[in-house]
Amino acid sequence: MKKHILLIDDEPAWLKLVSQLLTSEGYTVKGVATAVEALDLLAKFKPDLIVSDLRMPDMNGFDLLEKIKTLPRLSATPVVFLSAIDDFHAKKVAKELGAAGCITKPIERGDLLSSLKQFLPR
């Protein structure tokens, strides 16, 4: 059965690149550019995994994660941050808020795929 991934990134190049990569590996990917768009989509779509940037114009990834964790049908959905921010404090905050993990951009194709597979429910 295909796994569904919601990808959130305000950088069009990253959104397109990661979407194409995941789609080529057999995942169904829905990509949006903002946290607000993600919340709108999550009102009617339950992905197996959410992959989000941390820095976005309308709401940062931490705030988005907090909102997702308050939604009963999505609270157990793993959220992974894919961000250029490689900072111990940011990773600590992400873990405290309940993120499944943090992946630092840029990342090699194989490393990204193997990292995301470990967060997908079986």
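Mind checking which helices (runs of 4 or more DSSP H) fall wholly inside region 10-82 and carry at least 2 residues that are over 20 Å from I107 (Cβ atoms) and modelled with pLDDT of 90 or more?
Working: elements: 12-24, 35-42, 61-69.
The helices (runs of 4 or more DSSP H) meeting that bar are 35-42, 61-69.
I'm checking my understanding of the structure. Among residues of region 101-122 that are without any contact (Cβ under 8 Å) to a residue 40 or more places away in the chain and in a helix (DSSP H, G or I), which one is farthest from L65 (Cα to Cα)?
This residue is G110.
When only residues in region 3-29 that are under 26 Å from T70 (Cα atoms) and charged (D, E, K, R) count, which is surrounded by the fewest Cβ atoms within 10 Å (Cβ to Cβ)?
D10
So for region 9-24 (the condition being within 11 Å of the chain's Cα centre (by Cα) and under 20 Å from S75 (Cα atoms)), does at least one residue qualify?
no
Please work out if G26 is touching a residue at least 24 places away in the same chain (Cβ under 8 Å), out of contact with any Asp or Glu (no Cβ under 8 Å at 6 or more places or on another chain) and among the small types (G, A, S).
On the way: touching a residue at least 24 places away in the same chain (Cβ under 8 Å): yes; out of contact with any Asp or Glu (no Cβ under 8 Å at 6 or more places or on another chain): yes; among the small types (G, A, S): yes.
Taking the combined requirement at face value, the residue satisfies it.
Can you name every residue in region 70-114 that is surrounded by 16 or more Cβ atoms within 10 Å (Cβ to Cβ), more than 11 Å from L54 (Cα to Cα) and of a type in the set (S, T, Y)?
T77
Of all residues in region 30-53, which are surrounded by 21 or more Cβ atoms within 10 Å (Cβ to Cβ) and of a type in the set (A, V, I, L, M, F, W, C)?
The first filter runs over region 30-53 and keeps only residues surrounded by 21 or more Cβ atoms within 10 Å (Cβ to Cβ), leaving 31, 35, 38, 42, 47, 49-53.
Once the filter is applied, which keeps residues that are surrounded by 21 or more Cβ atoms within 10 Å (Cβ to Cβ) and of a type in the set (A, V, I, L, M, F, W, C), region 30-53 yields A35, A38, L42, L49, I50, V51.
Residues checked against (1) hydrophobic (A, V, I, L, M, F, W, C); (2) under 16 Å from H4 (Cβ atoms):
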site	(1), (2)
L22	yes, yes
E25	no, yes
K30	no, yes
G61	no, no
T70	no, no
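The values are calculated or read from the model by the stated rules, or taken from the named source; none is laboratory data. These numbers were taken from a predicted model, which means no experiment stands behind them. Here the Cβ is made from the backbone with ideal geometry for all residues, glycine too, and neighbour counts use every protein chain on show.
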